[in-house]
Structures are given as structure tokens and as C-alpha cells.
Amino acid sequence: MTASRLLERLLQTLPVLFGISVIVFLMITLTPGDPVEIMLADSRATPEQAEQLRRDLGLHLPLHERFLVFLGNAIVGDFGVSFFHRRPVIEVILERLPATIELTLAAMLLAIAVAIPLGVAAAVKRDSWLDRALSAASLFGVSLPGFWFGILLILLFSVTLGLFPVGGRTPFDLEVARVTGFLLVDTLLAGRLDAFGAALRHLALPAVTLGLPTAALLARVVRSSMSEVLTSDYILFAEAKGISRTRVLLRHALKNALIPVVTAVGVQMGNLLGGSVIVEQVFTWPGVSTYLITGVGQRDYPIVQAVVLLISVAFVVINLLVDLLYGY
């Protein structure tokens, strides 16, 4: 991708991000419920105190003025102060964002590791019993509801077999110095292999819950793309030259078959970031989704707007990176 093309793509993202900011702002602002009334529900505040709190939070301003303030602050990375936590929103998010990213990356790596071998095997053995079995399994995986699958894994592997923790990110008595925020990395930096193993056990079930449905979808894409590539003339010519079947599959067929797979991975990466809400709730995973759900219930506008906007920006950036990967 040339510099001019890259600049053009970056400029195209601006109206997209502006539209997202408008939708996010209006959806949370126009949702029934007054954050001031929720915050003062258990107190004996006077109407004057309630009005003063409303002014302190900026809720007394007209809708368009509040949006301009929100947009101007968001451009410079200032999402304001949380209504309930009374702390800068960016601090609250950065504390939990690494947990969500770690879960998302683990789920995606698992999905890729499962999907590519299964998809290639199904394409090579097309119309065989293996292909039909993998197609049925992938269809079942795509249809799995995340909350049901997660609860099923907890009942089987945590409650019945006792192999994995029920939830959380670490044991209660585990303390590791925070360096990057990514627990697996921090435990290795601290030289704590016991803590690394504990963190990995806590990560396993949420990553499987989030990753297997994604693997099922990617496997179908790999199978379809690989099947089409294997019937291409250059593949038949490579085989006619006597090149080994393994080299043809890995060096020639798979490399070209991965182009649409890269697109699917990019889209699914964004979906995993936004779709981890249910999984984090089921496994009490301390990611940004916990704050998002709490923020919706409490009408904590800054938290909800910031989290949704950041996920949207991540989705746009991931799709831009996918375009850059095409050339490679």
C-alpha cells in the first residue's frame, strides 16, 4: 500500500469515527434514567444539592453543547471523569484494558491454531467423512451461545472435574508487580512460573469459550478458500512438476488461501473485543466489559461512551492493518 493510499484510508476513517461518536453519544444520553437520581437514590439530598451535582457533571448543558464538549475532549484523549468512580475515565479503562486484550488475543490465537489445520484438512479431503464431520462441527460451533457454552464449561471442568478455576483472573492470594498489565507477561518478567501457571489456568476456560466459536467460523473460511485454490492451474502445474504434496499445500496453496482468511481474522478480532462482554460476565473476568455493564446500569455516560468508542476505533484500526497485510 502506497503512502497516498494509506493517507486516503486514514481520511476515510474520520467520518466513520465521527458517525460512531454521534451514535454512541445519543444512544447513552437518550436512554431513560437520570444518573443524578441513581447516584442520590440512597441519600437525603435536597433538590438544590441535586441541581448542584447536575451542574458539576455538566448535565445542565443542552444536548448539542454536551456533545461538542464530549467530542472535543475525546479528540485529545480526555473522556472526562466517571460519574460514580469520580476518577478520570482513561485511568479506569487502562487498568482493565490489558485484561480484555489478553483474553481477546488468547482466544484469537486459539482460534487460528484450531481453524487452519482443520480447514486445510477438510479442503484436502473434500467430500469425505472428515470434511462432512468438520463442517457439522463448525456449524455447531458457530451456533453456540457464549453464555451457555461458558456455563457448560464451568460445570464440567470447574465444578465436576475441578481442573480449572470457576472465574476470576488470578487466585486471591496471588500478587504480581504490575509492569505491562498483561498478567502472563508480568508473571514471566517477575520469574514467577507458579503465578504464570495459575494465570494460564484462569485464562483457559474464558479463552476457549470465546475462541472455539471463532475457530468454527474461520475453519469454514479456510476450507472454502483452500478448496478454491487447490483447483487452480498453478497448483496443478506445481504438482505436475513433481513438487511434493506437502510443499504445494504449505508453500503455494495455503499462502494464497490465507488472503480471505486475513480479512475474516480482522473482522473477528474486532468482534472478539466487543463480544467479550458476556464471557467476562460469566467468568467474572476483570476487563473493561465489567465497567461497561456497570456504566450502562448506572447511566455513567463517560464510561460507556469511552469504552464503546475505543472498541470502535480498535475495529477501524484492525481493518486498516488487514489492508496493509494484503500486500505481504
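The values are calculated or read from the model by the stated rules, or taken from the named source; none is laboratory data. Treat the numbers as computed from the prediction; the structure is a model and nothing was measured. So basically every Cβ, Gly included, is an ideal-geometry build from the backbone, and we count neighbours across all protein chains shown. With ligands, DNA and RNA removed, areas are computed over all heavy atoms of the protein, side chains included. Shrake-Rupley method; radii C 1.70, N 1.55, O 1.52, S 1.80 Å.
Details
- Net charge of neighbours whose Cβ lies under 15 Å from the Cβ of ARG87, counting Lys and Arg as +1 and Asp and Glu as -1: -3
- Annotation for region 31-131: chymotrypsin sites (Phe, Trp or Tyr not before Pro) lying in DSSP loop with at most 14 further Cβ atoms inside 10 Å of their Cβ do not exist.
- Span-like helix ranges in the chain, DSSP H, alpha carbon extent 30 angstrom or more, Kyte mean at least 1.6: 89-124, 301-327
- Per principal axis, descending, Cα span of region 155-296 in whole Å: 62, 39, 35
- Cα gyration tensor shape for region 112-204, rounded if a/c is under 1.5, else prolate or oblate: prolate
- Accessible surface comparison of TYR234, TYR291, probe 1.4 Å, protein chains only, largest first: the order is TYR234, TYR291.
- In the chain, the sites counted are trypsin sites (Lys or Arg not before Pro) in DSSP loop states with at most 15 other Cβ atoms within 10 Å, and the longest stretch holding none of them, exclusive of the sites, is 242-328.
- Carbon/sulfur fraction of accessible area - the chain, other protein chains in place, 1.4 Å, %: 67 percent
- Accessible area (Å², per residue) of the chain, counting only protein heavy atoms and a probe of 1.4 Å: 54 Å²
- Near ALA99: Cβ cut-off under 10 Å, other residues only, Lys/Arg at +1 and Asp/Glu at -1. The net charge is -1.
- Answer label, with P(r) over Cα pairs in 20 Å bins from 0, in percent calculated from the coordinates and candidates (1) 25, 50, 22, 3, 0; (2) 32, 55, 11, 2, 0; (3) 29, 48, 20, 3: (1)
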